[in-house]
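*Asks:* The structure is given below, and queries will be raised subsequently.
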Amino acid sequence: MTSLPSFISSNDVPGGRIAFEYMRPIGPRTLCVATPSERRAWDASPEFPVRAGRAYTGGFSRKCQAYAERFYRGAWCILDPCHGFMWPYEVIRHPHGRCLYRPETQPLAVAQLREHVRRRMLDDYDVIVALGGRRFILLVEDVFQGKRVRAPLAGVGGIGEMMRALNEAMAAGEPM
């Protein structure tokens, strides 16, 4: 048996063995979900595989990802219309032409996304931050029913104004 740290005696531990238990963080757990873009890495280069964090190359999507990385490091993902919620380090192995807002491209349906949330245990998060435009926010609210969804870009204006708001928040070091 390994020796116990000096602040723990074997009398404090049943059977003299230490068991560590997962402890839930104090306060609400927050997940940030960034919007994808229609411009993708495979449009310019056929190199595969590509990490999800590098797959979407549109300016607004890249800005949302930079904001998410700055303020939600380790707790943000991208909503890929083909593969669902992906952490930035996960790999997309093949190109696809799916778009969240074009039904003819056959993006994942809300029911499929809800199942994806359940399987990936994203429903363990208490607060969801949706970084995107109006349609994206509505989609995230629909997928994460019953969760508190924050939408810091809601009502900001067009993409240019949203990008400016993201830039200002990052420059100030204060999340919106």
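The values are calculated or read from the model by the stated rules, or taken from the named source; none is laboratory data. Computed from a predicted structure; not experimentally measured. Using ideal geometry, Cβ is built from the backbone for each residue, glycine included, and neighbour counts are taken over all protein chains shown.
*Asks:* Considering each residue of segment 155-175, count those that are closer than 29 Å to ALA109 by Cα and touching a helix residue (DSSP H, G or I) at 6+ places or on another chain (Cβ under 6 Å), and give that number. Write out each step before concluding.
*Replies:* Here is the first cut: in segment 155-175, the residues closer than 29 Å to ALA109 by Cα are 155-160, 162-163, 166.
Filter again for touching a helix residue (DSSP H, G or I) at 6+ places or on another chain (Cβ under 6 Å), leaving 156, 159, 163, 166.
Within segment 155-175, residues that are closer than 29 Å to ALA109 by Cα and touching a helix residue (DSSP H, G or I) at 6+ places or on another chain (Cβ under 6 Å) number 4.
*Asks:* Is there a residue in segment 80-94 that is within 17 Å of LEU31 (Cα to Cα), touching a helix residue (DSSP H, G or I) at 6+ places or on another chain (Cβ under 9 Å) and of a type in the set (Val, Ile, Thr)?
*Replies:* Within segment 80-94, not a single residue is within 17 Å of LEU31 (Cα to Cα), touching a helix residue (DSSP H, G or I) at 6+ places or on another chain (Cβ under 9 Å) and of a type in the set (Val, Ile, Thr).
*Asks:* While we're on this one: Would you confirm whether any residue within segment 89-109 is at pLDDT 90 or above and under 19 Å from ALA169 (Cβ atoms)?
*Replies:* no
*Asks:* Among the candidates VAL149, VAL129, single out the residue that is at pLDDT 95 or above, touching a Ser or Thr at 6+ places or on another chain (Cβ under 7 Å) and of a type outside the set (Lys, Arg).
*Replies:* Details: VAL149 fails: touching a Ser or Thr at 6+ places or on another chain (Cβ under 7 Å).
Result of the check over VAL149, VAL129: VAL129.
*Asks:* Right, next: Which ones in segment 27-56 are in a strand (DSSP E or B), in contact with an Asp or Glu (Cβ under 9 Å, 6 or more places away or on another chain) and surrounded by fewer than 21 Cβ atoms within 10 Å (Cβ to Cβ)?
*Replies:* Residues satisfying the conditions are THR30, ARG51.
*Asks:* How many residues are under 12 Å from the mean Cα position of the chain (by Cα) and more than 27 Å from GLY160 (Cα to Cα) when one looks only at segment 46-95?
*Replies:* Result for segment 46-95: 2.
*Asks:* Further question on the same structure: Does segment 110-152 hold any residues that are closer than 12 Å to VAL33 by Cβ, without any contact (Cβ under 8 Å) to a residue 40 or more places away in the chain and among the aliphatic types (A, V, I, L, M), and which are they?
*Replies:* LEU113, VAL117, ILE137, VAL143, VAL149, ALA151
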